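Laboratory data are not the source of any read-out in this text; all were calculated from the coordinates shown. Since the structure is predicted, the reported quantities are computational estimates derived from the model, not experimental observations. As a convention, Cβ positions derive from the backbone with ideal geometry for all residues, glycine included, and neighbour counts pool all protein chains shown.
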Amino acid sequence: MSVEKAAELLSSARRGVALTGAGASAESGIPTFRGEGGLWTSYDPVKVSSIDSFMADPVSYWQVSKDRGRVALAAKPNQGHMALAALEGAGHLVAIVTQNTDGLHQASGARRVIELHGSGRNVRCLECGTIESRQDVQDRLNVEMPPRCRACGGALLKPTVVLFGEPMPVDAVMAAYDLARQADVMLVVGTSLVVYPAAEIPLVAVRAGAPLIVINAKPTPFDRFAEVVIHGRSGEILPEILSLISA
Ligand code: NAD
Ligand code: ZN
């Protein structure tokens, strides 16, 4: 059975690396982008999530972001996040590389989390550089649209996430590639693997000889490179794998 095979591979791993995407947070109530109920069935991604449209029209950006922010700030880690943190704690994973910006891996107790697309927990003023917590900005969105910088009064407050058209954080990308090159197991969880360069990370690990495990609700383009493919919910499958390892 594939859950057993995944447990076997992970139990002997010493430099395992996880790569997670929006699916890992779906069971925490945060909508994914693609797939059923995905955000991009209701919004045009480039319109709501590109730096050009943000600069041109921050009000439209914040009107959408207001609802998403409320959901993400209220979300709690699910059993899948907890199982990944436990795999790290037990020495089977050395890091969790994530495309998510919700901070739920950190909230679950994971120690080394590499955020490829930044963090939605903070907001930066593009005029003076002041950083504020997203929660503080969120709290005043009902009376202030767009939100204004508390330091300079500017109206270009942008969450510290990577929007379309923005470069990815170089340090995070370099660290992720290094980890992938050295990985002895690559565990991919809840990502459609269509956003590059994030999607290349598992390939780097595979080319370096690491077995690939894919846990995702739907088939991905990388299933054919994987030793183990499990189609299902990460909040159910990861705890099963963990319990086999801990047994
Ligand atoms: P995606 O939406 O493209 O793909 C998510 C994948 O997860 C889909 O293939 C889906 O079948 C699968 N899935 C859904 N529920 C699942 C579950 N319970 N268990 C396992 N798999 C499940 O997401 P992506 O590949 O991460 O790319 C979208 C981009 O959007 C990311 O780069 C990310 O930055 C951003 N995003 C972030 C969040 C977040 O922070 N939680 C949420 C939405 C989008
Ligand atoms: Zn400012």
Segment Lys218-Gln135, length gained on full extension (0.36 nm per residue, minus Cα span): 26.6 nm
Max mean-square fluctuation residue, GNM over the chain, Cα-Cα springs under 10 Å, options Gly209, Gly103, Gly129: Gly129
Cα-based Rg and Dmax for segment 80-226, where Dmax is the largest Cα-Cα distance (Å): 17.6, 54
Inter-label distance, nm, simple model (7 Å from Cα along the C-beta direction), Ala208/Ser12: 1.9 nm
Neighbourhood net charge (10 Å Cβ-Cβ; Lys/Arg +1, Asp/Glu -1) for Ser28: -1
Anchor Lys158: aspartates and glutamates whose Cα lies under 20 Å away (excluding residues fewer than 8 positions away in-chain): Asp44, Asp52, Asp57, Asp67, Asp102, Glu115, Glu127, Glu132, Asp136, Asp139, Glu144, Glu166
Extension gain from Ala151 to Leu73, taking 0.36 nm per residue of separation minus the Cα-Cα distance: 25.7 nm
Separation of the Glu166 and Asn142 label points, Cα + 7 Å toward Cβ, nm: 2.7 nm
Magnitude of the charge dipole, segment 54-206, Cβ model with Lys/Arg +1 and Asp/Glu -1, debye to 20: 360 debye
Degrees between helix 58-74 axis and first principal axis of the chain (Cα, 0 to 90, nearest 10): 50 degrees
Cβ-derived FRET efficiency at R0 45 Å, Lys66 paired with Lys5, nearest 0.05: 0.55
Dipole of segment 15-163 [Lys/Arg +1, Asp/Glu -1 at C-beta], most positive-end residue of Gly29, Gly91, Gln63: Gly91
Selected from Tyr61, Tyr196, Tyr177 as most flexible by GNM, with the chain as the system and alpha-carbon contacts under 10 Å: Tyr196
Nearest-ten-degree value, helix 2-11 long axis tilted from longest Cα axis of the chain: 90 degrees
